[in-house]
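To start, the structure itself, in structure tokens.
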Amino acid sequence: QHTDLSRPSGKMIPRVDETVLNPNQFDALIHYKSTFCPGCHMIRMSMMRDVNPDMDIFPSRGGQNFQMLMPIYYKYPRIFVDECLFHYVVYADSHSRSNDTLEKSILKADELLEIICQTLDRMQMPDDEREKYKAAAQIDDLCRRYPLGMRFCDRAYSLQIDAKLEACGHIGDIPMWQRRIVRNNVLFGLYTALDKAKKCVKRMLKRMVKV
């Protein structure tokens with residue numbers, strides 16, 4: 001199928017802000033706030049060998065971005081080029097878009113948390129700092145899992161994550177509107193019904209465009 005790359009449908013970085021321009025990206029990367037898209041990084045081999053002399057990373061089906069960028073960002077600053085230098089095509093059946101069930105999404109979350117923790121274990125840093133980042137990664141992981149139950153209409157899963165965040169004192173990291181929906185059975189039912197209707201309308205519009 002022909003793809004018109006002269007008319008891109010969007011940008012990976014729709015807004016260039018202070019986080020994007022900050023040369024120190026390690027904390028942003030750990031918290032999933034750093035620039036993260038295919039083909040957008042150039043790294044000197046001398047720097048890569050400096051932080052990873054064995055040129056060995058934790059193997060994973062989920063990709064190699066975190067494994068390569070975390071050691072680099074921990075030691076070296078990043079320069080951001082605010083200019084569109086390439087286009088790429090997003091396929092509906094690509095690995096990054098294959099999380100079409102709760103089970104697949106949970107599996108991907110498990111893989112990503114393992115990648116971060118395994119990469120931290122391979123990096124040269126003080127042990128107390130390593131444990132601090134691991135704890136932060138686990139909290140971020142729970143926060144990213146919270147909306148999955150809403151997305152896949154599984155309130156029990158959202159309540160499970162809700163309880164874990166409450167127990168560790170980080171439930172406040174979740175937007176209040178999400179907490180209210182998850183904790184109220186009626187609101188959760190209304191939300192999932194509206195979400196299903198919205199997805200149905202989108203599918204209908206796509207069919208109409210193809211025709």
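The values are calculated or read from the model by the stated rules, or taken from the named source; none is laboratory data. Computed from a predicted structure; not experimentally measured. Cβ: placed from backbone, ideal geometry, glycine included. Neighbour counts: every protein chain shown. For accessibility, only protein heavy atoms count, side chains too; no ligands or nucleic acids. Shrake-Rupley method; radii C 1.70, N 1.55, O 1.52, S 1.80 Å.
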(request) Would you kindly state how much longer the chain becomes between Ile139 and Lys108 on full extension, computed as 0.36 nm times their sequence separation minus their alpha carbon distance, in nm to one decimal? (result) 9.6 nm
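Show that you can apply the helix-only estimate: for the chain, add -39,500 (n - 2.57) for every DSSP H stretch of four or more residues, divide by all residues, and state [θ] at 222 nm to the nearest 500.
-17500 deg cm²/dmol
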(message) Which residue fluctuates most in the GNM of the chain (Cα springs below 10 Å): Asp141, Asp17, Asp110?
(response) Asp17
(request) Report the longest stretch of the chain that contains none of the trypsin sites (Lys or Arg not before Pro) sitting in a DSSP loop with at most 13 other Cβ atoms within 10 Å. (result) 62-211
(request) Specify which labelled value, from (1) 33; (2) 17; (3) 27, agrees with percent of Cα pairs over 31 Å apart derived from the coordinates of the model shown. (result) (1)
(message) Rolling a 1.4 Å sphere over the protein heavy atoms, what is the accessible area per residue of the chain, to the nearest Å²?
(response) 69 Å²
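Students often get this wrong, so check it: of Lys75/Lys132; Lys11/Lys196; Lys11/Lys164, which have C-alpha atoms separated by over 25 Å? Don't jump to the answer; show the numbers that get you there.
Values: Lys75/Lys132 17 Å; Lys11/Lys196 27 Å; Lys11/Lys164 35 Å.
Among Lys75/Lys132; Lys11/Lys196; Lys11/Lys164, the Cα-Cα distance tops 25 Å for Lys11/Lys196; Lys11/Lys164.
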(request) Evaluate the distance, in nm, between pseudo-label points positioned 7 Å from the Cα of Cys84 and of Arg7 along their respective Cα→Cβ axes. (result) 1.3 nm
(message) If I model a spin label as a point 7 Å beyond the Cα along the Cα-Cβ vector, how far apart are those points for Cys200 and Asp121 in nm?
(response) 4.7 nm
(message) If I model a spin label as a point 7 Å beyond the Cα along the Cα-Cβ vector, how far apart are those points for Met47 and Gln160 in nm?
(response) 4.0 nm
